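Here is the structure we will look at, set down as structure tokens.
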Amino acid sequence: MGDRYFPDQSNQEQVREQSKILDDFSNEHGLTFVEMDAHGKLRYCYQCSLIKPDRSHHCSSCGFCVVKFDHHCPWINKCVSYRNYKYFLLYLFYGTTFLVFELITSLEVLIRFGLSDNIMRDLDDFIPVAVSILIHIGFSYYPLGELLIYHARLVWDNETTCEQAKPPLIR
Ligand SMILES: [Zn+2]
Ligand SMILES: [Zn+2]
């Protein structure tokens, strides 16, 4: 209603009629859906005026229904979904690999510092590397490595972030 969302206030009779309209439409057009809403009828998007295909969700930031919606990413200002999920995974994988490479190649300085016979002299070389490693562990591992592990599990289960938060109702 306007720009504001109002919860569906249809009574049971209205829900039955809506359900029949949606079922008739999908049968007429030979469309098959297995996902349903909380009332047990086909999912309908009032903003887009269409029956939501299975696994799709309306993104309020993009303003349309998105197929295999995972999440809306504010960094790329669009949805991570069916078409770009592979690139999102690759980004996480390459980012994490680079982080691991960076940490492994920094080990030399840590080992040299540990074996040093004059710690005060080597402190100037050690501090920038140590600070850099801490920053990378703090800011890179959490968004990249953690997300990679999380999404690897989602891929294994054939699930999206959205479906994990709110499992779909199958009829
Ligand atoms: Zn929609
Ligand atoms: Zn979006």
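No value in this document is a laboratory result; all are computed from the given coordinates. These numbers were taken from a predicted model, which means no experiment stands behind them. Positions of Cβ are generated from backbone atoms using ideal geometry, with glycine treated the same way; all protein chains shown enter the neighbour counts.
Tabulated data
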| item | result |
| --- | --- |
| Centre separation in Å (Cα based) which lies between the range 141-155 and the range 60-107 | 10 |
| The chain: most fluctuating residue of 56, 26, 81 per GNM, C-alpha cutoff 10 Å | 26 |
| For the chain, cysteines whose Cβ has no other cysteine Cβ within reach (under 4.7 Å) | 65, 73, 79, 162 |
| Rounded tilt (10° steps) of 119-136 against the dominant C-alpha axis of the chain | 10 |
| Square roots of 5 times each gyration tensor eigenvalue, C-alpha, the range 56-100, largest first, Å | 24, 11, 6 |
| Helix-only [θ]222 nm of the chain, DSSP H runs n ≥ 4, -39500 (n - 2.57) each, per residue, nearest 500 | -16000 deg cm²/dmol |
| Net charge of neighbours whose Cβ lies under 12 Å from the Cβ of residue 154, counting Lys and Arg as +1 and Asp and Glu as -1 | -2 |
| Contour excess over end-to-end distance, with Cα ends at residue 20 and residue 116 and 0.36 nm allotted per residue | 26.6 nm |
| Within the range 85-165: Cβ-based charge dipole about Cα centre, in debye rounded to nearest 20 (Lys, Arg +1; Asp, Glu -1) | 120 |
| 10 Å binning of all Cα-Cα separations within the chain, expressed as whole percents from 0 upward | 8, 25, 23, 16, 11, 8, 5, 3, 0 |
| Positive-end extreme of charge dipole, the range 85-165 - chosen from 140, 115, 158 (charges on Cβ) | 158 |
| Amide proton proximity set for residue 58, modelled H, under 5 Å, gap of 5+ | 66 |
| Compactness relative to 2.2 N^0.38 Å, alpha carbon Rg of the range 85-165 | 1.50 |
| Reachable lysines, given that their alpha-carbon falls under 16 Å from the alpha-carbon of residue 86 and they are not under 8 places away in the same chain | 68, 78 |
| At most 12 other Cβ within 10 Å, DSSP loop - chymotrypsin sites (Phe, Trp or Tyr not before Pro), the range 40-100 | 46, 75 |
| Base-10 log of normalised Debye intensity for the range 1-73 (one unit scatterer per alpha-carbon) at q = 0.13, 0.27 Å⁻¹ | -0.42, -1.37 |
| Nearest 10 degrees, 0 to 90: helix 147-157 Cα axis against the chain principal axis | 40 |
| Packing-based ranking, highest mean first, of 121-130, 146-155 given that Cβ atoms within 10 Å are counted | 146-155, 121-130 |
| Cα long-axis angle, helix 12-28 against the chain (0 to 90 degrees, to the nearest 10) | 80 |
| Environment charge at residue 140 (Cβ cut-off 14 Å; Lys +1, Arg +1, Asp -1, Glu -1) | -2 |
